[in-house]
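Structure first, then comments.
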Amino acid sequence: MTNLLRLSLHKSLLWNPRLVKWNNMVLRFSHDEPTPSYPRNPGWINRHAIGNREVVGHGRNGIAAYGDNVLCPFPAIRYKVFDSDLLLLREKEKGHWNALSKEEKKMLYRASFRQTFAEFTRHGAYPDTEYLGGVGLSMVVIAVSLFYYAFLKAFFLPPLPTTMTPEGWENTVTKMIQLQWNPITGMASKWDYENDRWRPGFKPWFLDYLPKNSPLRELTPEEGS
């Protein structure tokens, strides 16, 4: 039927060249054309790397290579090269599988795959170590950043302002108390102006930044304690 259709189209093309596109489409999808096998592009096979192992599919990324992977459990090539014994098993495999012994089935499987799915997903045989690369790279970046900061601080960055010293902290807090800064919820609300001390129970968060002998380090205990 397809041959008759081709012949009729060929004759009609002599009178109507516009049917060229339709003819090409029929020729492309007709059943008489042999189905292409892998690989569709022979250029991606590296025979110097895989030897004579059979290419059976696209694989993980289109490269003719073998690897057991959970995300792509079907490699592009077989694990072993089929020798004479395995070729005999392949011919026997084409018949009924009941004729194959258990050992022959294992041999056929091991010829195509190095490990079973349970084997290469077991933690001992296939440990999850991909995170170690990310951890190592992060540690390298952190170490380089710290050395770079130390280098800048030693040779380029100016010294800290005087307000960051213990005496500077004491002067800043004293000034805030004198100016009654934020008397509702701020520093002035925590200061007892009548007794010139902190209110009972208040413990400033900046005590460690003040000088050791600063009067602002003296706290007022809560009443009844």
inquiry  = If I filter the range 156-163 for residues that are part of a helix (DSSP H, G or I) and hydrophobic (A, V, I, L, M, F, W, C), do I get at least one hit?
reply    = no
task = Assess whether GLY201 counts as being out of contact with any Asp or Glu (no Cβ under 7 Å at 6 or more places or on another chain), assigned by the TED database to the domain that holds SER214 and not polar (S, T, N, Q).
result = no
key: Test for GLY59: is it over 36 Å from the mean Cα position of the chain (by Cα) and in a loop (DSSP other than H, G, I, E, B)   = no
ask   = Can you find even one residue in the range 82-93 that is among the small types (Gly, Ala, Ser) and out of contact with any Phe, Trp or Tyr (no Cβ under 9 Å at 6 or more places or on another chain)?
value = yes
task = Would you confirm whether any residue within the range 142-156 is exposed (fewer than 11 other Cβ atoms within 10 Å of the Cβ), among the β-branched types (Val, Ile, Thr) and either modelled with pLDDT of 95 or more or not assigned by the TED database to the domain that holds ASN69 (or both)?
result = yes
Tally of residues being assigned to a helix (DSSP H, G or I) and among the charged types (D, E, K, R) across the range 175-199 = 2
remark   = Log entry, pairs with first residue in the range 167-186 being closer than 14 Å to LEU210 by Cβ, second being among the β-branched types (Val, Ile, Thr), beta carbons closer than 7 Å, six or more apart or on different chains, reads GLY168/THR162; THR172/THR163
task = With the condition kept exactly as written, say whether any residue in the range 143-159 is touching a Phe, Trp or Tyr at 6+ places or on another chain (Cβ under 8 Å) and either aromatic (Phe, Trp, Tyr) or free of Cβ contacts under 8 Å to residues at least 24 places away in the same chain (or both).
result = no
query = Considering the range 69-125 alone, what residues qualify as being surrounded by fewer than 14 Cβ atoms within 10 Å (Cβ to Cβ), aliphatic (A, V, I, L, M) and part of a helix (DSSP H, G or I)?
reply = LEU87, LEU88, ALA99, ALA118
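The values are calculated or read from the model by the stated rules, or taken from the named source; none is laboratory data. Every value quoted in this text rests on a predicted model; they were computed, and no experiment measured them. Methodologically, a virtual Cβ is constructed for each residue, glycine included, from the backbone with ideal geometry; neighbour enumeration extends over all protein chains shown.
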